[in-house]
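The values are calculated or read from the model by the stated rules, or taken from the named source; none is laboratory data. Keep in mind that what you see is a predicted model, and the values were worked out from it rather than measured. When we count neighbours, we look across all protein chains shown, and the Cβ atoms used for this are built from the backbone with ideal geometry, even at glycine.
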Amino acid sequence: MKKRTWIYAAVGATAVLALVAWAFAPRPVEVEVASATSGPFETTIDEDAKTRLRDRYVVVVRAGHLLLAASPVSVSAQDLRQLEYVAIRSHSETGRILHQLGQDSRLELSSAHFLSLPAIIAHTDLAEVMPRAIALGSMDAGVHAVLPANLPRSAFTVSLHWSRRFESDPAHRWVRALFVRLFQRGIPRSLLDCHSAKCLHQSRRMPTSLMRAA
């Protein structure tokens, strides 16, 4: 009797194990097969944007720089090649402009951020290529000056982009409205077109909210 019981138990256990193995066994999955060929790829980005700021790059030096005394009205590309420069490591556009001017070898110092530039420029003969809005907001008219020079491909725009999928999202609408308010006044055209230390002096009288927007 006991032998028959063990036989039934063994058969039952084997059946259970077989059912478990069958339940967890991988199933064949249907796949789609197609031939692949190389060719041009085109796609579109479905988003909206608004231009918040138009600016351009300028060259900033100390107010008593010899180049200003020699060429107070205009500075040529040849004059710019005589300068030595400081650049921001994380700001690649400065390197691009210096490369287009053939000034890669004239880069003498790199800095981590723009906050250190006013002191560096004030106490050396180094020049810096930077956005005009940053120059107007951080430089002192009595210590720094903007060179009257035209740089290659120096104009740029700052735009606010967002996906149409989040057009009506309350949080996105709030953030977009916040940025629009910060940039809505812009920088006066008279300052953007100015090439003298007087511009820096005028920028000091700009409202605080406008300087933050710049």
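Observations on the structure shown:
- Pairs, first among the charged types (D, E, K, R) in the stretch 132-159, second part of a strand (DSSP E or B) and at pLDDT 80 or above, C-beta under 6 Å, six or more apart: Arg132/Asp55; Arg132/Arg56; Arg132/Val58
- Tally of residues being part of a helix (DSSP H, G or I) and either of a type in the set (Lys, Arg) or without any contact (Cβ under 8 Å) to a residue 24 or more places away in the chain (or both) across the stretch 71-107: 8
- Residue within the stretch 143-155 that is within 19 Å of the chain's Cα centre (by Cα), surrounded by fewer than 15 Cβ atoms within 10 Å (Cβ to Cβ), at pLDDT 75 or above and more than 24 Å from Leu126 (Cα to Cα) present: no
- Residues being of a type outside the set (D, E, K, R) and crowded, with 16+ Cβ neighbours inside 10 Å - total across the stretch 62-107: 19
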